[in-house]
Amino acid sequence: MIKNTPSYNDYKEVAIECLIQSFYNISEIDNHLTSRTPREKLWEYNQIVLRTSIVLIHQGIEGLMKAEICQKSPLLLLNNKRSEWNSLPNSADQDFSELYTIAGEDLLKTFYACINEKSINPNFLGLYEEIRTKRNKIIHGLGAEKLNPDTILKYILNSFTYLLGKDSFWQSVLIKFYKHPGFEHDDDQVDWEEKIQYNKIEYLNFFLGKAELNKHFSVDIKARAYLCPYCTENGELYTNSGVNRPTSKWAFLHPNKPNSKVVACIVCQAEYEVIREDCTQENCKGNVKYLLQKGDEDEPNIWVCLTCWNEEDKKICG
Ligand SMILES: [Zn+2]
Ligand SMILES: [Zn+2]
């Protein structure tokens, strides 16, 4: 018998680790950007990080293809001839990890034989070939091609979206983060955690733009965006002028309809009930308000406009 055959999840988890790690490696370098260090120079110096990212992305993509093949049978991944399998009665067991598995063209063809081709984005084949060619050059010591960080970031996002669907990149970033052993559920830590997530989406938006990012979320992030009641209330951004509330908007009406009474935030992944009422601030066209602080009989309620964060005292019932 062939023992210890891998499962869908075994391959998937390792594949996601590879893809997320390559994202972290790139964002980590960009975090060192300053006004005196042009990004181009920074990346000329750090080309090795982009080359190792390509190797990781390639491993990630192949892992996700192997995961899918495992849904049919992990034995389809074996490269050894069947006449070499120790599978007859009375023959010694073989461990899956000691056998050779398929790669490259064989893997690609087996993958497409196992899936409904329509379930995979038609651009996947082109992406895989591009990464495979670049990765082979790097592995064989021909890594002279200059790589661009934004292209590699797009490779990572596309790998997730083509193979695991929209939202899978962001979900994986969140899951990976909250599994961190340093994460503890005391209040200080939570603030810190949300801020880190907030920075990650801002980072991607800054370099790739909303139109590109929008391809990877099921929510239309090009729709009118609102301040998140939680992230804006609790977020603290340290700037030269002191501590400011974050001003960028990652909450959206859910569903995106004129009379919707819920906003959902991508960063903290929570939904908030809102009312639809025009903001009293002169230059604000917002009409989505959140009950920030519920007053009692003597104290007014405090409603906040999720477009301009104008706070209003009001004694109203609903
Ligand atoms: Zn939020
Ligand atoms: Zn307003």
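A short reminder: the numbers here are calculations on the coordinates, not readings from a lab. If you're wondering where the values come from, they're calculated on a predicted model, not measured in any experiment. Ideal geometry is used to build each Cβ from the backbone, glycine not excepted, and the neighbour counts take in all protein chains shown.
By the count of other C-beta atoms within 10 Å, a proxy for reagent exposure, GLU130, GLU282 are ordered fewest to most as GLU282, GLU130.
A quarter of the convex hull surface defined by the alpha-carbon atoms of the range 28-94 gives 7.6 nm² as the mean projection.
Couplings 3J(HN,Hα) for the range 118-135, derived from phi with the Karplus relation 6.51 cos²θ - 1.76 cosθ + 1.60 (θ = phi - 60°), are 5, 7, 10, 3, x, 7, 4, 4, x, 4, 4, 4, 4, 5, 5, 4, 5, 5 Hz, where x marks Gly and Pro.
Residues in the range 145-157 carry Karplus couplings, in order, of 4, 7, 9, 10, x, 5, 4, 5, 4, 5, 4, 5, 4 Hz; the curve used is 6.51 cos²θ - 1.76 cosθ + 1.60 with θ = phi - 60°, and Gly or Pro positions show x.
Counting other Cβ atoms within 10 Å, which trypsin sites (Lys or Arg not before Pro) in the range 204-305 have at most 14 and lie in a DSSP loop? Hits after loop and neighbour filter: LYS215, LYS222, ARG224, LYS261, LYS285, LYS294.
For a Förster distance of 30 Å, can you work out the FRET efficiency between the beta-carbons of ARG39 and GLU212, rounded to the nearest 0.05? Plugging the Cβ-Cβ distance into 1/(1 + (r/R0)^6) gives 0.95. Extent along the principal axes, Cα only, for the chain: 84, 50, 38 Å, with the longest axis given first.
Computed with the Debye formula from one identical point scatterer per Cα of the range 2-179, without solvent, the log10 of I(q)/I(0) at q = 0.17 Å⁻¹ comes to -1.10.
Among ILE16, ILE221, a tally of other beta-carbon atoms within 10 Å of each Cβ gives an order, fewest to most, of ILE221, ILE16. Springs between alpha-carbon atoms under 10 Å, Gaussian network over the chain: tell me which of ILE57, ILE120, ILE266 tops the mean-square fluctuations. The residue that fluctuates most here is ILE120. Across ASP95, ASP106, ASP298, mean-square fluctuation computed from a Gaussian network of the chain (C-alpha pairs under 10 Å connected) peaks at ASP298. What you get for the range 2-179, charging only the Cβ of Lys and Arg (+1) and of Asp and Glu (-1), is a dipole of about 280 debye around the Cα centre.
For a quick check, take a GNM of the chain with Cα springs below 10 Å and name the residue from SER73, SER159, SER168 with the largest mean-square fluctuation. It is SER73.
From least to most packed, judged by other beta carbons within 10 angstrom and beginning with the fewest, PHE160, PHE206, PHE96 follow the order PHE206, PHE96, PHE160.
Between the amide H of THR101 and those of ASN79, distances stay under 5 Å, these residues lying 5 or more places away or on another chain, with hydrogens modeled in the peptide plane.
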